[in-house]
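Participant: My questions all concern the structure below.
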Amino acid sequence: MSDGRERLLSGIRDSLGRGALDADTRAALERRLRFPRANVVPARGQHGSRDALLAGFITEAERVNTSVQRLPGWDGVATAVADFLRAHNLPQRVRVAGDALFKNVTWSAAGGLEIEAGPAEAADTASVTGAYAGIAETGTLMLLSGPGSPTLLNFLPPNHIVVLPEACVVGTYEDAWHRLRAEVGTGIAMPRVINWITGPSRTADIEQTLLLGAHGPRRLHVLLVDGASPAH
Amino acid sequence: MQSTARRFTTNVREALHDDKLQVALARFPDGFPVKRRLAAERLPEFDALRDDAKAIKDHVLEHLDYYLERFEAKVTERGGRVHWCTDADEARQRLVALCREAGATIVTKAKSMIGEEIGVNECLEEAGFTPVETDLGEYIIQLRREPPSHIIAPAVHLSKDQVAAAFRAAHTDLPDDRPLSEPQEMLDEARAVLRRAFLASSVGITGANMLVAETGSIVLVTNEGNADLTQTIPPVQIVIASIEKIVPTLEDAATILRVLARSATGQDLSVYTTFTTGPRRPGDLDGPEQFHVILLDNGRTRMLGSEFREMLRCIRCGACINHCPVYGAIGGHAYGWVYSGPMGAVLIPNLIGEDEAKDLPNASTLCGRCEEVCPMRIPLPRMLRQLRDRQFEAGQTPAMFRFGLRWWARLARWPALYRLATGSGVRVLGRLGRRKGRFRTMPFAGGWTGARDLPAPQGRTFQQWWTAEKGLRQ
Ligand code: SF4
């Protein structure tokens, strides 16, 4: 195995017409990785005010078939979940992540809503998760894996409800990376999975007909909660 | 995968007479190209992003050894393993060994073009495993035992009736009289069948759209979410990636993502973009126990040292294919191997040998639309011309063509004589074809008139027109 590695690397150097890189070049490349620079950043995600930022996020999210509902505070979350399930004729049962975010939510506020904890199972019809960030540029949700946020919750159930504190909405991909670097780090602490989710699952593989809900959820519903600081 | 690029002309004839294929191809112009244009128009910085994306990849290729080592170090640090393979054989052996170690029976797979290059499905079947493609389009063509006809829409050549027939033949445990006429019914059926496969699989194989050197992450982009199920449910994940997929940082990945989906499907971003780093962490409730990355060369190093290096910037978006008039007429299978369209016409001769695919570089009108839309600004027409030049120099172009070209070159060295010859040629042809305005047959030009009429020249030669025009302007 290790000689496959050497063969490949020396083949590359031959093709590039040089030997191994000198120390100075390596140091420069190392710096480029250590202190990542942004490339061109579209103006579209860069909003002047918080209000414009949130409006931008909602517009872009709705363009890709994500539904967004604004809530004045945490109190409304349980009822909003129950209402969503009712509106779509779904059983009053959700799989909920053990995300610290949900310590703010009183599930019993929605009478009759059944809460199941733990990782997703094949028979689940709906899940509720938090999100690490919302990215206004393309209406994208950014979710991190971890003990309180197993990845399959985002994919197995056909209905996915995401609770997103307004304070977590950022403008651009670069803003999202910046926040991740500052708060979580991109070293060994970086979670195994970072999901960027932009709308419900879809396919156009049969006669280019667009259909929602290919493997992942058919519906993606965001509860955008005001006045809330993220619990992260 | 076995190539049929040698019988290109036969493939083309068959494609032109395949009515179902022609119906499917007719849907093309209103689809991807229009959506790409709208997406590009919605983003004023699109062209600037293309410049950045190109610069990132050029920088990576120039320092590829460094970035690969750095990527490996990060993967290892996060508990994953990197396997270096130079050719398809090595990669297949490694893949089979890893599946054996995992005690696999069912192996789920997310679409991977490098996987198609090395024939992963055939090799796993031979070794006794059951590979299951999970991208809907790939699943359909796997059932039909066909190669993909488009890199991002593998089943684009099929009608829904053909899909329904494939499902009825394969899903024999379902009732015969079930309704299966609408795409939605087919999707629901595939979703249910594939869910069972996911839950029963012990290895998940994915490709990678990018490898991030900074973090040791792999980046996967899908609209369906199948790659995410593939890399989360089975206890072992194997990633196969060709070596040029590296980008330095997460910021660089973001830049390339901004041009990828817009160029491919006209979406601003695909539905699922996933950055995965190593196996399951302590405390995680799901995710694989093992994380392997097979880094595969398969001809890239050779291209790196050749005049085709720039082709290694390709991010497999398919824009050049979607805008190619030749692809639009013959579809993907005619090209005879994994890739198609302009990128295929450059890649196939490079990867399987120029002798195996002589016709492909000539299957282009050199109209230049591919280069115009390529997000990575790859000079595809120039590369096609280079491949043609090489054929000419190696004496592989047809004798009549070489003969004609030689005489034309001789004539062109004597401008006065050239003007006289072309001038009288145009006059004679113009007079002969005056009545109909076109010729149905023409000696030495059967290749042209066999499929269409040759318009009769009207008026002057280009040079005469040019001289007059210049006079007017001055
Ligand atoms: S050559 Fe350019 S346009 Fe064609 S698939 Fe590659 S990146 Fe896309």
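The values are calculated or read from the model by the stated rules, or taken from the named source; none is laboratory data. As the structure is a prediction and not an experimental result, all values here were calculated from the model. Because the Cβ atoms are built from the backbone with ideal geometry, glycine has one as well, and the counts that use them run over all protein chains shown.
Participant: Taking the stated definitions as given, is A:Ala167 away from chain B (no Cβ under 12 Å), touching a Ser or Thr at 6+ places or on another chain (Cβ under 6 Å) and either touching a residue at least 60 places away in the same chain (Cβ under 8 Å) or part of a helix (DSSP H, G or I) (or both)?
Facilitator: yes
Participant: Something else now. Which residues, taken from region B:358-385, are within 15 Å of the ligand (Cβ to nearest atom), over 17 Å from the mean Cα position of the chain (by Cα) and in a helix (DSSP H, G or I)?
Facilitator: B:Arg382
Participant: B:Gln463 passes all but one of (1) closer than 30 Å to B:Lys358 by Cβ; (2) in contact with a helix residue (DSSP H, G or I) (Cβ under 9 Å, 6 or more places away or on another chain); which number fails?
Facilitator: Answer for B:Gln463: the failing condition is (1).
Participant: Mind listing whichever residues of region B:332-342 are closer than 13 Å to B:Glu117 by Cβ and near the ligand (Cβ under 9 Å from one of its atoms)?
Facilitator: Selection gives B:Tyr339 alone.
Participant: For A:Ile115, only one of the following conditions fails: (1) crowded, with 23+ Cβ neighbours inside 10 Å; (2) more than 14 Å from chain B (Cβ to nearest Cβ). What is its number?
Facilitator: It fails just one condition, (1).
Participant: Same structure again: In this structure, does B:Ile294 turn out to be more than 14 Å from the ligand (Cβ to nearest atom), surrounded by 23 or more Cβ atoms within 10 Å (Cβ to Cβ), farther than 30 Å from A:Ala120 by Cα and over 12 Å from the mean Cα position of the chain (by Cα)?
Facilitator: no
Participant: Give the residues of region B:271-310 that are closer than 18 Å to B:Ala208 by Cβ, more than 7 Å from chain A (Cβ to nearest Cβ) and out of contact with any Phe, Trp or Tyr (no Cβ under 9 Å at 6 or more places or on another chain), sorted by residue number.
Facilitator: Matches in region B:271-310: B:Pro288, B:Gln290, B:Phe291, B:His292, B:Asn298, B:Gly299, B:Arg300.
Participant: Out of the residues in region B:208-265 that are out of contact with any helix residue (DSSP H, G or I) (no Cβ under 6 Å at 6 or more places or on another chain), within 16 Å of the ligand (Cβ to nearest atom) and not hydrophobic (A, V, I, L, M, F, W, C), state the one that is nearest to the other protein chains (Cβ to nearest Cβ).
Facilitator: Applying the filter and picking the extreme gives B:Thr265.
Participant: For region B:343-357, name all the residues that are within 13 Å of the ligand (Cβ to nearest atom) and surrounded by fewer than 22 Cβ atoms within 10 Å (Cβ to Cβ).
Facilitator: B:Asn350
Participant: Within region A:38-56, take every residue that is out of contact with any His (no Cβ under 9 Å at 6 or more places or on another chain) and under 21 Å from A:Gly199 (Cβ atoms) and give me the one that is modelled with the highest pLDDT.
Facilitator: Within region A:38-56, the match that is modelled with the highest pLDDT is A:Pro42.
Participant: Check A:Ala87, A:Ala23 and return the single one that is within 13 Å of chain B (Cβ to nearest Cβ), modelled with pLDDT of 95 or more and surrounded by fewer than 19 Cβ atoms within 10 Å (Cβ to Cβ).
Facilitator: So the residue among A:Ala87, A:Ala23 that is within 13 Å of chain B (Cβ to nearest Cβ), modelled with pLDDT of 95 or more and surrounded by fewer than 19 Cβ atoms within 10 Å (Cβ to Cβ) is A:Ala23.
Participant: Scan region A:37-66 residue by residue and report those that are out of contact with any helix residue (DSSP H, G or I) (no Cβ under 7 Å at 6 or more places or on another chain) and of a type in the set (S, T, N, Q).
Facilitator: A:Gln46, A:Ser49, A:Thr59, A:Asn65, A:Thr66
Participant: Next question. Does at least one position in region B:309-331 carry a residue that is more than 14 Å from the ligand (Cβ to nearest atom) and more than 21 Å from B:Asp30 (Cα to Cα)?
Facilitator: No, region B:309-331 contains no residue that is more than 14 Å from the ligand (Cβ to nearest atom) and more than 21 Å from B:Asp30 (Cα to Cα).
Participant: Do we have any residue at all in region A:50-57 that's within 8 Å of chain B (Cβ to nearest Cβ) and in a helix (DSSP H, G or I)? Can you show your working first?
Facilitator: Going through region A:50-57, the residues within 8 Å of chain B (Cβ to nearest Cβ) turn out to be none.
For region A:50-57, residues within 8 Å of chain B (Cβ to nearest Cβ) and in a helix (DSSP H, G or I): absent.
Participant: Can you find a residue that is part of a loop (DSSP other than H, G, I, E, B), surrounded by fewer than 23 Cβ atoms within 10 Å (Cβ to Cβ) and either out of contact with any Lys or Arg (no Cβ under 9 Å at 6 or more places or on another chain) or modelled with pLDDT of 95 or more (or both) anywhere in region B:160-168? Explain how you work it out, then say what you get.
Facilitator: Looking only at region B:160-168, we keep the residues that are part of a loop (DSSP other than H, G, I, E, B), and these are none.
Checked against the condition, which is being part of a loop (DSSP other than H, G, I, E, B), surrounded by fewer than 23 Cβ atoms within 10 Å (Cβ to Cβ) and either out of contact with any Lys or Arg (no Cβ under 9 Å at 6 or more places or on another chain) or modelled with pLDDT of 95 or more (or both), region B:160-168 yields no hits at all.
Participant: Output yes when any residue across region A:119-141 is over 22 Å from A:Arg63 (Cα atoms), more than 10 Å from chain B (Cβ to nearest Cβ), of a type in the set (Val, Ile, Thr) and not in a strand (DSSP E or B), and no when none is.
Facilitator: yes
Participant: Which members of region A:179-197 meet the condition of being touching a strand residue (DSSP E or B) at 6+ places or on another chain (Cβ under 6 Å) and at the interface with chain B (Cβ under 7 Å from one of its Cβ atoms)?
Facilitator: Those that are touching a strand residue (DSSP E or B) at 6+ places or on another chain (Cβ under 6 Å) and at the interface with chain B (Cβ under 7 Å from one of its Cβ atoms): A:Val193, A:Ile194, A:Asn195, A:Trp196, A:Ile197.
Participant: Can you work out which of the residues in region B:62-89 that are over 26 Å from A:Arg18 (Cβ atoms) and in contact with a Gly (Cβ under 6 Å, 6 or more places away or on another chain) is nearest to the other protein chains (Cβ to nearest Cβ)?
Facilitator: Across region B:62-89, the extreme among qualifying residues is B:Arg78.
Participant: Quick check, is B:Thr134 among the hydroxyl-bearing types (Ser, Thr, Tyr), surrounded by fewer than 21 Cβ atoms within 10 Å (Cβ to Cβ) and assigned by TED's automatic domain parsing to the domain that holds B:Tyr67?
Facilitator: No: the conditions fail for B:Thr134.
Participant: Tell me the residue from B:Arg13, B:Arg94 that is surrounded by 16 or more Cβ atoms within 10 Å (Cβ to Cβ) and not aromatic (Phe, Trp, Tyr), please.
Facilitator: Numbers: B:Arg13 fails: surrounded by 16 or more Cβ atoms within 10 Å (Cβ to Cβ).
B:Arg94 is the lone residue from the list that is surrounded by 16 or more Cβ atoms within 10 Å (Cβ to Cβ) and not aromatic (Phe, Trp, Tyr).
Participant: From the list B:Val259, B:Val236, exactly one residue is more than 24 Å from A:Arg218 (Cβ to Cβ) and out of contact with any strand residue (DSSP E or B) (no Cβ under 7 Å at 6 or more places or on another chain). Which is it?
Facilitator: On inspection, the qualifying residue turns out to be B:Val259.
Participant: Identify all residues within region A:142-153 that are at pLDDT below 95 and assigned to a strand (DSSP E or B); write none if there are none.
Facilitator: The answer is A:Gly146, A:Ser149.
Results for (1) under 23 Å from the mean Cα position of the chain (by Cα); (2) assigned by TED's automatic domain parsing to the domain that holds B:Asp47; (3) modelled with pLDDT under 95; (4) surrounded by 24 or more Cβ atoms within 10 Å (Cβ to Cβ), shown as yes or no for each residue.
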site	(1), (2), (3), (4)
B:Pro248	no, yes, no, no
B:Arg258	yes, yes, no, yes
B:Glu289	no, yes, no, no
B:Ser306	yes, no, no, no
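Participant: Sticking with this one: With the checklist (1) in contact (Cβ under 8 Å) with a residue 12 or more places away in the chain; (2) in a loop (DSSP other than H, G, I, E, B); (3) more than 16 Å from the ligand (Cβ to nearest atom); (4) under 19 Å from B:Gly204 (Cα atoms) in hand, flag the one item B:Ala155 doesn't pass.
Facilitator: Unmet for B:Ala155, out of (1) in contact (Cβ under 8 Å) with a residue 12 or more places away in the chain; (2) in a loop (DSSP other than H, G, I, E, B); (3) more than 16 Å from the ligand (Cβ to nearest atom); (4) under 19 Å from B:Gly204 (Cα atoms): (4).
Participant: Between B:Arg431, B:Arg410, B:Arg438, which is away from the ligand (no atom under 16 Å from the Cβ), surrounded by 12 or more Cβ atoms within 10 Å (Cβ to Cβ) and more than 26 Å from the chain's Cα centre (by Cα)?
Facilitator: After applying the criteria, what remains is B:Arg438.
Participant: Now for a different question. Of all residues in region B:384-407, count the ones that are loosely packed, with under 12 Cβ neighbours inside 10 Å and within 16 Å of B:Glu356 (Cα to Cα).
Facilitator: Total meeting the criteria: 2.
Participant: I'd like to know if region B:391-398 contains one or more residues that are without any contact (Cβ under 8 Å) to a residue 24 or more places away in the chain and of a type in the set (S, T, N, Q).
Facilitator: yes
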